[in-house]
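Everything on this sheet refers to the single structure shown next.
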Amino acid sequence: MTLPFYNYFTNGETDENEYASSSWPGLNISAHERHIKAQSPRAAQALSSAVYGGGVLELDRIFNIYVDRHYRCDDPPRDIEQALNEWQEPRDQCAGLLTAVRLEHTSIQEYTSNEFGLLCCTTAGVSNAARAGSERTVFDTAGNKKMSSGSERSAPSARNLTIPPYVPGTINVMLWLNGRMTSGAMMNAVQTAVEAKAAALADAGVLDSENGLPATGTTTDAIVIAVGQAVEVEEPQPMITYAGTATTAGAAIGRLVYDTVTESLRAGLLWKERIRQK
């Protein structure tokens, strides 16, 4: 496992702000004062839950943008657009994520086979950890707060917290797959990635910040999967049609998501422990 930008952010090592992918030739991930930027030399087909550039799209860049943990904004896409303008970045063919995780805790792992290459880049924070399916505070489309009717009772130690609609204690996952994949397999890949994230949180003992039950994610998690779909090579890579846990693609996705979530969380915990000891 690796935290490639740790020295850049903590020790001012300016020559350690770039990571060149071995699984996707030309894919470069760079660290900047307020963001991590992943850029491919060619556009990729993507499926995204990002607050900026969400849905089905073609993209060549993904931005993971740092915001203060007290960030409260009714229009995150506007803020991301303003940041892109500030950095003189084109606003099309990209996705933008927001995180309150310290960017030195960005974890990257890769996997390469004859069938595909895979890079996973993750930042993980769990200040607003949540358990899907449990009774907790939710917000409707107008931003009104209410309690959901979950299938599980709250734990005895549950706390009644006031939680705003957007709290950036987020787990952000970028997956770049250098290969070919059907649209259905891309959805399957997202499913597998989410299962791996939930497994990592369970093994780390992360609890829902409101009701004390084992968490499955946070209230603002985001994921982007970008697939190269290149066919202009002499021997095209095989088409991946499934990406569940019993496939080589799904196994690689699950392992990389699990490991990067775990490493980013561990780095954050160690940082907090050092702060407490000062």
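The values are calculated or read from the model by the stated rules, or taken from the named source; none is laboratory data. Predicted, not measured: the structure shown is a model, and the values here were computed from it. Don't worry about glycine lacking a Cβ; one is built from the backbone with ideal geometry, like all the others, and counts go over all protein chains shown. Keep in mind that these areas ignore ligands, DNA and RNA; they rest on the heavy atoms of the full protein, side chains included. Shrake-Rupley method; radii C 1.70, N 1.55, O 1.52, S 1.80 Å.
All conditions in (1) part of a loop (DSSP other than H, G, I, E, B); (2) touching a Pro at 6+ places or on another chain (Cβ under 9 Å); (3) surrounded by 13 or more Cβ atoms within 10 Å (Cβ to Cβ) hold for Ile108, with the sole exception of (1). Among the candidates Val206, Val261, Val257, single out the residue that is open to solvent by 10 Å² or more (accessible area, probe 1.4 Å), within 21 Å of Thr99 (Cα to Cα) and under 18 Å from the mean Cα position of the chain (by Cα). Going through Val206, Val261, Val257 in turn, just one is open to solvent by 10 Å² or more (accessible area, probe 1.4 Å), within 21 Å of Thr99 (Cα to Cα) and under 18 Å from the mean Cα position of the chain (by Cα): Val206.
Each residue in region 84-97 was checked for being part of a helix (DSSP H, G or I) and more than 13 Å from Ile62 (Cα to Cα), and 2 pass. Within region 32-70, which residues are within 16 Å of Cys120 (Cα to Cα), crowded, with 22+ Cβ neighbours inside 10 Å and not polar (S, T, N, Q)? Once the filter is applied, which keeps residues that are within 16 Å of Cys120 (Cα to Cα), crowded, with 22+ Cβ neighbours inside 10 Å and not polar (S, T, N, Q), region 32-70 yields Ile36, Ala38, Ala44, Ala46, Ala50, Ile62, Phe63.
Being among the hydrophobic types (A, V, I, L, M, F, W, C), closer than 20 Å to Val173 by Cα and free of Cβ contacts under 8 Å to residues at least 40 places away in the same chain holds for only one residue in Leu47, Leu57, and it is Leu57.
Would you confirm, using the coordinates I've provided, whether Ala230 is surrounded by fewer than 22 Cβ atoms within 10 Å (Cβ to Cβ) and touching a strand residue (DSSP E or B) at 6+ places or on another chain (Cβ under 8 Å)? Answer is yes for this residue. Scanning region 127-142 for residues that are outside any strand (DSSP E or B) and buried (at least 24 other Cβ atoms within 10 Å of the Cβ) gives Asn128, Arg131. Ile223 fulfils the conditions (1) outside any strand (DSSP E or B); (2) touching a Lys or Arg at 6+ places or on another chain (Cβ under 9 Å); (3) of a type in the set (Val, Ile, Thr); (4) modelled with pLDDT of 90 or more except for a single criterion, (1). Taking the listed residues Cys73, Cys121, the one that is under 18 Å from Leu256 (Cβ atoms) and open to solvent by less than 50 Å² (accessible area, probe 1.4 Å) is Cys121, with no other qualifying.
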